[in-house]
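Asker: First the structure, then my questions, so here it is.
The values are calculated or read from the model by the stated rules, or taken from the named source; none is laboratory data. Please read all numbers here as calculations on a predicted model, not as lab measurements. Every residue, glycine among them, receives a Cβ derived from its backbone with ideal geometry; neighbour counts consider all protein chains shown. For the accessible areas, the whole protein counts, side chains as well, though only heavy atoms, and no ligand, DNA or RNA atoms are used. Shrake-Rupley method; radii C 1.70, N 1.55, O 1.52, S 1.80 Å.
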Amino acid sequence: QPGIESLPTLLSHFSELASPCSSAERPKKPKCKTIHEAVRTGNIKQLDEIVTFGVSVNEVDPVYKFTPLHWAAHSGSLECLHWLLWHGADQTVVTVRGWTAAHLAAIRGQDACMQALHLNAVNLGLPDDLGCTPAHLAATHGHSFTLQTILRSGVDVNASDKNDWKPIHNAAFYGRLGCLQLLVRWGATLDDADKDGNLPVHLAAMEGHLHCFKYLVSKMPTLVHSLKARNDHGETPRDLATRFYKENILVYMDSLEEDDDSSLDEEENLSFPGHDAAFRGDVDTLRMLLENKIIGVNERDDRGSTLLHKAAGQGHLHVLEWLINREADCNIANDAGETPKDVAKRFAQLAVVAYLKNKMGNDSDLEIDIKDPTFFEHHGVEGSTDSKGDLKENKQEKIDARERAYQKVEELQGLLEMAISNFKQLGGITPQERQAKLEEKRLERTVSELNEQLEYEQMRREKLEAQLDEARAEIGKLKKLQEKTELPSTHKVSVVSIIFVLDKL
């Protein structure tokens, strides 16, 4: 009847009244059956419980032959990766293809995990069974920021795999323009040939990657060197483009040969076509570049700016919306430390600032006290462009992870202070105290030398003052003697007058 609720509805109301906090509580993650599932889903609490019950942190997955460290790098589970490294996970274990955790992070583009591996002294230059290093795999999959982390660790930018491919060959063959630009800036050689004699320009022409081909041609010493180079089969880039029906490459080469170097000069700004399109507000060009995987949505230029930075500075709100809908990261800072919102502020793009504020929350430069609950909502991984896959973390789970990490910092700081106190009680001296004592002795020595110099200067001054007094006394004596020897003035006048009279006579 109207106005009378059914029994199931009454029961549901009763259950809500019986547990009023149930709706406010966050849904719990499902129970993980294995340590690998716990790591893959980012469930740090269940990971701790499973290891506490005796499961090894190096347990191998029977299906994929992955250890938990491999799964953490693959899924982007950063907190689990930290936890495993803290608890002694073996960094050298490889999969059936010879992949380390660094290889998997490179394939998946897990920037933050790659940075964590580097900070924990993991070798990022180990080859797999085919001789590919993580740099090869990052270049193959177009993860330029992950590749930059690898290169900053000091690996060889010109390392070869078993086919004599360097990372620049992978980038050219797969059309990864951002990685290609990065490798050239880091010293990758453009005239290194693979086992078939192919240069990177041959591979770009073979696969029809026009933007990469243009960039390589513009960076090689001469036009003839780039267009007339032959591989071991005697084929030039034109021959390969013809054989594989790459009409776009052939048209561009014809224009170069007809206009000599003029077309090449006009293309000098093609290094970052996506950034140029975002600057102009050209969504169609951006769509073409992203759909063909020529660039990534978070691609950086030589100053660390992303597509969002360029669009925000020019006030192209439609470009910003289009990029953010494709998971562009608003929190990436350029080399000057500016986010896209900061750039929009600098150029007084108020509509863009308001839009990004809704996306990013409070100002990026807002100082928040540690006791404020919103402190842990900020300070994310700088420049992270991670792809998560199986990892589904909501905002609260990310905040909880940061809180746990900060609690670990405070705990370790307390243990460090206790260890230092114990060390001092046993008669030890810390390096900082030793340095302070050395500095104190150095200052004491400097003060002593200055005091000695001051005493010497005082003695020298007293000696000079005594000499000055003697000189003044001598001057007084000479003045008195001069006064005695000089004639009186009346006598001098009479003598002068006598001489004058004698002259007249």
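Asker: Out of the residues in segment 91-105 that are closer than 18 Å to residue 119 by Cβ and small (Gly, Ala, Ser), state the one that is farthest from the chain's Cα centre (by Cα).
Answerer: 101
Asker: Do you know which residues across segment 46-96 are open to solvent by less than 60 Å² (accessible area, probe 1.4 Å), among the β-branched types (Val, Ile, Thr) and within 18 Å of residue 123 (Cα to Cα)?
Answerer: Within segment 46-96, 67, 93, 95 qualify.
Asker: Collect the residues in segment 112-166 that are touching a Gly at 6+ places or on another chain (Cβ under 7 Å), assigned to a loop (DSSP other than H, G, I, E, B) and crowded, with 24+ Cβ neighbours inside 10 Å, keeping them in residue-number order.
Answerer: 133, 143
Asker: Among the residues of segment 443-456, is there at least one that is of a type in the set (Lys, Arg), over 24 Å from the mean Cα position of the chain (by Cα) and at pLDDT 85 or above? Outline the logic, then answer.
Answerer: At the first step, the residues of segment 443-456 found to be of a type in the set (Lys, Arg) are 445.
Filter again for over 24 Å from the mean Cα position of the chain (by Cα), leaving 445.
Those still in the list that are at pLDDT 85 or above too: 445.
Checked against the condition, which is being of a type in the set (Lys, Arg), over 24 Å from the mean Cα position of the chain (by Cα) and at pLDDT 85 or above, segment 443-456 yields at least one hit.
Asker: Let me ask you something else. Please find, within segment 249-279, the residue that is nearest to the chain's Cα centre (by Cα) out of those that are modelled with pLDDT of 85 or more and of a type in the set (Gly, Ala, Ser).
Answerer: The extreme case among them is 274.
Asker: Go through segment 145-199 and give me each residue that's more than 19 Å from the chain's Cα centre (by Cα) and among the acidic types (Asp, Glu).
Answerer: To start, the set of residues in segment 145-199 that are more than 19 Å from the chain's Cα centre (by Cα) comprises 158-177, 188-199.
Result: 161, 164, 191, 192, 194, 196.
Asker: Okay, next question. What residue, among those in segment 306-327 that are open to solvent by less than 10 Å² (accessible area, probe 1.4 Å) and of a type in the set (A, V, I, L, M, F, W, C), is nearest to residue 284 (Cα to Cα)?
Answerer: Top of the filtered list is 319.
Asker: Say we look at segment 333-383 and pick out the residues that are at pLDDT 55 or above and among the hydroxyl-bearing types (Ser, Thr, Tyr); which of these is least open to solvent (accessible area, probe 1.4 Å)?
Answerer: Step by step, filter segment 333-383, then rank; the result is 339.
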